[in-house]
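So the structure is just underneath, and the comments pick up after that.
The values are calculated or read from the model by the stated rules, or taken from the named source; none is laboratory data. Worth saying up front: this structure is predicted, and the values here are computed from it rather than measured. Note that each Cβ is placed from the backbone with ideal geometry, even for glycine, and that neighbours are counted across all protein chains shown.
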Amino acid sequence: MKKFLIFYLLVLVSLSHAYAQDAGATYKKANQQYVLFESERDKGTNAAGMYTYLLEAYNDFVQVTKEQNNASYIQGTKNRLRSIYPYLLNAALYYYEQKENTKALDFAAAYIDTRYMPLFRSELLPKDDRYNSIVYFAAVTAYNMKKLDQAKRYFQIYLESGDSTQEKDCFVYLNMIYMAQKNYEEQENILEKAISKYPVSLDFLYNLVNVHIATNNMPKLLNAIDRILKIDPNNLQVLPIKARILERQGNNLEALDIYKRLYALAPNNFELLTGLARANFNVATKIVNDGATIASDTEYALVRQKAATYLEEAQKLFMEILKQKPDSKMYMQGLAEVYQYMDMTSEYEVLNKIIADGASFTTFAPRLLAYNEALKKSQEVTNNASSEPTPVVLEPAQLVIRVDSFIDGNNNKVIDAGESFAVKFSIANKGKGDAYSVRIRLSEQQGYDQYFEGPRELDGGNIPAGTTKEYTFRYLVKKEVPTALAKINIYAFEANGFDADPSELIVNTQEYAMPRLKIADHQFFASNGSSITLGSNGKLTIALQNFGTKTARNVKVNFTLPKNVYTTDSPEMQIDSIAPGEVATLDYGFLVNKRFSEDSVAVMLTATDDTRSSIINEAYKVKLGEYLTASTSIKINGKLANRKVNMQDFQLSFKSELLDGIPEGAVNRHRYALIIGNEDYSMTGANAEINVPYAVNDAMVFREYCVRTFGIPASQIKMIPNATAGMMHEQLDWLLNMASTDPDAELFFYYSGHGNNDEATKQAYLLPVDITGKNIHLGISLADLYQKLATYPVKGSYVFLDACFSGGYKSAAPLIAQKGVRVVPKLGMPQGNTISFSSSSGDQTSSVYHDKKQGYYTYYLLKTIKDSHGDITMQELFDKTNAEVKKATALLGKMQEPQYIVSPTWKTWGSIQLKTPETQIHVEKSDSLTNHTAL
């Protein structure tokens, strides 16, 4: 036992000696690498070698802190790490500029992690001004390299710093990390924190919706949807989800209201069509089932009439569905149930037979016709076989008709167009003799019964003396019925001629609220110059107004051109809705070739809505070579009987207060600008992206500020409206060539139009007008743009982007999305002396300012410059523009937050002023918008 103890003690002593030796060896190696680093640093000729020694020394010193029995080496290690600390930052920046992101991340991580070592808990290492930028860079780089836990830690460090510059993007990235890890609890927590910081930013709420869908938490899902709808009541991304949930929960009326709103906005959406049909049918079914226990015929008739409105709508919608999917057994069964509820026996039996046969709905019409003809013949045979002579009269009958009640759908005692009504009456025989084979007929004295759909005649049978029988006429009123006073008579004809005196029911009819369309104004514009000539483009702008009493929906406008004039827009345009009194403007572009022989171009126009209550057929002419002036303001007034409509004032021409009093700067011949406004994406045909309203306006006004305020000579500006891929690449090469010949160059790049991102890599691209999202790689990659702008050493490169890259659209109205989440694009990082200002952040979309006919971002960017008389720094320009855009778009419920991304090595960008000093007053003014403002 004693020998064993001695052996055990010897082992412990040897092990402790080994541990001490390991700590010492590691410390010795670390010092050696550090000395080599200092040697290379002092020589200054081998940066890569110097930083290699630096990282090895750092890693070894870190290892010393983890070794046992290292107490005698800790202070030396701490001193060395303190000395190494600032060089880690330099190394990170060096490798970033060399585009070696892996090594840059290694040094950035070391720089960040050093501050959090236990060794320095009692000592706060100093923070460089670029510390937060390095943390953000490290987080994004780690995320791109799939090092999610490391990225998560650095994003959290950035958020703890309180720096708001990239705060929102940090929340976005953390959300994506937790989503990728399926850590829904933490994803929900980070989204709630983001929402508390950005309460009107819907994108975080969209992601919260997806979290609750993934976890199947219906109460939380509905809560998240309601939070979105509180900000944006007509949000097209979550309303369909809520409608489906309400439908499953049996809240049919609420679901129906939502489906109505959605279908009005997207009438060609098949899924919404089926949802609307189901909702109408479900509401009607509930009404009928709830009323099944009502004993009173009068009350039950009201129930059936109330249900009839929904059933008729369901019938129409199921018919529309079956036009598109005639072989769908499910929707045929739905329509058959509608027929059953509506007591349409023939239709019900024919459709059930089609379902049983497995036939197509296309056979319904001919089979129903054949069925009714066979039924009619069968009834004629039965009637002939059972007809008996009228008995000989011994005593006369005396028939008296009394109207008992009038029942209408909305219970306002008026026959409204489009609703159902019923007249319940009784016929008493007060004579001594029986009444035989009584025929009862309803007629309106002025012929308004032509608008009543239903039976005009009833078989009253025999009415014995001293008895009374009750009858009911039921009708559906056509939408064409006018506003009038209807005088309805009920007649009773008896076989032996003892007819009743007709009764009379006097009731008002109310016409259907209808849309009424008219062209309130029109104007022609020339794309180039002041007139349309052979071989040039023109544009017709029309102002289409609804002066009716109901919203016009699914308005279709068709254009027709003469021979040798070609359309550059779709010949058919559609407007979802035009409310009473409102005006919609449409632009229709065309090209006149050089074979056109007439002196005027005539554009034929037809327009109608889904009710076809008003059809427009007009022709508008413009003479070739005619000077086209800007239109004046037009006030439209209208008078409509019984209903109030608010009319709008509007202008067709583009006029901007930004073009008045532009600040003047001196000429700077070292400045060059490339300006692109991509508005018309129609050239790619059926797969084209939607157009971008006012993008050309944005580009033209920005050009004026380039000339007048920034002092860029007009000959050194390239402005391209509707640039193709070839044009964009070619002109970008021109801008770079200017930089290669002028070491003092300052480059301006402005773009308004579509941006998008690659589905696989999420890399952001600018989209030429001849490229669709399917061929996005043919566009301009932002990462490549920033790299090219840093090809040559320049004084500064300034990028302004009025576009979004999330997969949403910079357009007049948002598209209906398939899912509630957009993509956060990878925007790349500027290099050298480059800064990029963009109109929105993360997965936001960029909006257009219709009142100003510009993008929100461009308008407030230039307005900020104008209001400051150009005396504003780049940092002030960003801050003020950002505040104005956020404020303006927050009022819309779709807040848009501009952002800037700057090269980490360019510290002085914030103090730069774009307006050139007025040492030499600028005299080379642009004439592009001076003489006329019609675009």
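Quick grid of which residues meet (1) surrounded by fewer than 19 Cβ atoms within 10 Å (Cβ to Cβ); (2) touching a residue at least 24 places away in the same chain (Cβ under 8 Å); (3) assigned by TED's automatic domain parsing to the domain that holds Val303; (4) over 51 Å from the mean Cα position of the chain (by Cα):
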site: Asn429; (1), (2), (3), (4): no, yes, no, yes
site: Arg439; (1), (2), (3), (4): yes, yes, no, yes
site: Leu442; (1), (2), (3), (4): no, yes, no, yes
site: Tyr451; (1), (2), (3), (4): no, yes, no, no
site: Glu457; (1), (2), (3), (4): yes, no, no, yes
site: Pro464; (1), (2), (3), (4): yes, yes, no, yes
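For Pro482, state whether it is under 25 Å from Ile615 (Cα atoms), part of a loop (DSSP other than H, G, I, E, B) and not assigned by TED's automatic domain parsing to the domain that holds Thr585.
For Pro482, the condition - under 25 Å from Ile615 (Cα atoms), part of a loop (DSSP other than H, G, I, E, B) and not assigned by TED's automatic domain parsing to the domain that holds Thr585 - is met.
Please give the number of the condition Gly433 fails out of (1) surrounded by 17 or more Cβ atoms within 10 Å (Cβ to Cβ); (2) within 46 Å of the chain's Cα centre (by Cα); (3) not in a strand (DSSP E or B).
Going through (1) surrounded by 17 or more Cβ atoms within 10 Å (Cβ to Cβ); (2) within 46 Å of the chain's Cα centre (by Cα); (3) not in a strand (DSSP E or B) one by one, Gly433 breaks only (2).
Against the condition crowded, with 16+ Cβ neighbours inside 10 Å, among the basic types (Lys, Arg) and not assigned by TED's automatic domain parsing to the domain that holds Asp434, how does Lys556 come out, does it pass?
no
Return yes or no: is Ala284 of a type in the set (Gly, Ala, Ser), part of a loop (DSSP other than H, G, I, E, B) and surrounded by 15 or more Cβ atoms within 10 Å (Cβ to Cβ)?
Criteria not met by Ala284.
Please state which one of Tyr51, Tyr111, Tyr73 is crowded, with 21+ Cβ neighbours inside 10 Å and over 27 Å from Thr141 (Cα atoms).
Tyr73
For a quick check of your reading: which strands (runs of 3 or more DSSP E) sit entirely within the stretch 665-781 and have at least 2 residues that are over 25 Å from the mean Cα position of the chain (by Cα)?
671-677, 717-721, 746-752
Filter the stretch 583-614 down to the residues that are outside any strand (DSSP E or B) and touching a residue at least 24 places away in the same chain (Cβ under 8 Å) and list them by number.
If the condition is that a residue be outside any strand (DSSP E or B) and touching a residue at least 24 places away in the same chain (Cβ under 8 Å), then Asn593, Lys594, Arg595, Phe596, Ser597, Glu598, Asp599, Asp609, Asp610, Thr611, Ser613, Ser614 are the ones that fit.
If Gly497 satisfies every condition in (1) surrounded by 15 or more Cβ atoms within 10 Å (Cβ to Cβ); (2) closer than 30 Å to Asp449 by Cβ; (3) of a type in the set (Gly, Ala, Ser) but one, which is the exception?
Of everything listed in (1) surrounded by 15 or more Cβ atoms within 10 Å (Cβ to Cβ); (2) closer than 30 Å to Asp449 by Cβ; (3) of a type in the set (Gly, Ala, Ser), Gly497 misses just condition (1).
Any residue in the stretch 750-761 that is of a type in the set (A, V, I, L, M, F, W, C) and modelled with pLDDT under 85?
yes
Out of the residues in the stretch 790-801 meeting the condition of being at pLDDT below 90 and surrounded by 17 or more Cβ atoms within 10 Å (Cβ to Cβ), tell me which one is nearest to Lys894 (Cα to Cα).
Ala790
This table checks each residue for (1) out of contact with any Asp or Glu (no Cβ under 9 Å at 6 or more places or on another chain); (2) outside any helix (DSSP H, G or I); (3) surrounded by 17 or more Cβ atoms within 10 Å (Cβ to Cβ); (4) of a type in the set (Phe, Trp, Tyr).
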site	(1), (2), (3), (4)
Lys146	yes, yes, no, no
Thr165	yes, yes, no, no
Val172	no, no, yes, no
Tyr178	no, no, yes, yes
Lys182	yes, yes, no, no
Leu208	no, no, yes, no
Lys220	no, no, no, no
Ile228	yes, no, yes, no
Pro233	yes, yes, no, no
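Give the residues of the stretch 134-151 that are in contact with a Phe, Trp or Tyr (Cβ under 8 Å, 6 or more places away or on another chain) and within 22 Å of Asn210 (Cβ to Cβ), sorted by residue number.
Scanning the stretch 134-151 gives Tyr143, Ala151.
Could you grab me the full set of residues in the stretch 726-735 that are touching a strand residue (DSSP E or B) at 6+ places or on another chain (Cβ under 8 Å) and either modelled with pLDDT under 90 or crowded, with 16+ Cβ neighbours inside 10 Å (or both)?
Answer for the stretch 726-735, where residues must be touching a strand residue (DSSP E or B) at 6+ places or on another chain (Cβ under 8 Å) and either modelled with pLDDT under 90 or crowded, with 16+ Cβ neighbours inside 10 Å (or both): Met727, Met728, His729, Gln731, Leu732, Leu735.
Which one of these does Asp871 not meet: (1) over 28 Å from Ala745 (Cα atoms); (2) at pLDDT 90 or above; (3) not in a helix (DSSP H, G or I)?
So the condition that Asp871 fails would be (1).
Examine the stretch 252-264 for a residue that is part of a helix (DSSP H, G or I), aromatic (Phe, Trp, Tyr), farther than 30 Å from Lys306 by Cβ and under 18 Å from the mean Cα position of the chain (by Cα), and state whether such a residue exists.
No; the residues of the stretch 252-264 include none that is part of a helix (DSSP H, G or I), aromatic (Phe, Trp, Tyr), farther than 30 Å from Lys306 by Cβ and under 18 Å from the mean Cα position of the chain (by Cα).
Among the residues that make up the stretch 214-231, is at least one of them of a type outside the set (Lys, Arg), closer than 24 Å to Gln340 by Cβ and under 26 Å from the mean Cα position of the chain (by Cα)?
No, that holds for no residue.
Residues checked against (1) surrounded by fewer than 20 Cβ atoms within 10 Å (Cβ to Cβ); (2) assigned to a helix (DSSP H, G or I); (3) over 29 Å from the mean Cα position of the chain (by Cα):
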position: Gly250; (1), (2), (3): yes, no, no
position: Asn280; (1), (2), (3): no, yes, no
position: Met332; (1), (2), (3): no, yes, yes
position: Glu337; (1), (2), (3): yes, yes, yes
position: Lys353; (1), (2), (3): yes, yes, yes
position: Ala356; (1), (2), (3): yes, yes, yes
position: Ala359; (1), (2), (3): yes, no, yes
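Can you tell me which residue in the stretch 822-862 is modelled with the highest pLDDT, limited to those that are over 22 Å from Tyr705 (Cα atoms) and surrounded by fewer than 20 Cβ atoms within 10 Å (Cβ to Cβ)?
Within the stretch 822-862, the match that is modelled with the highest pLDDT is Gly832.
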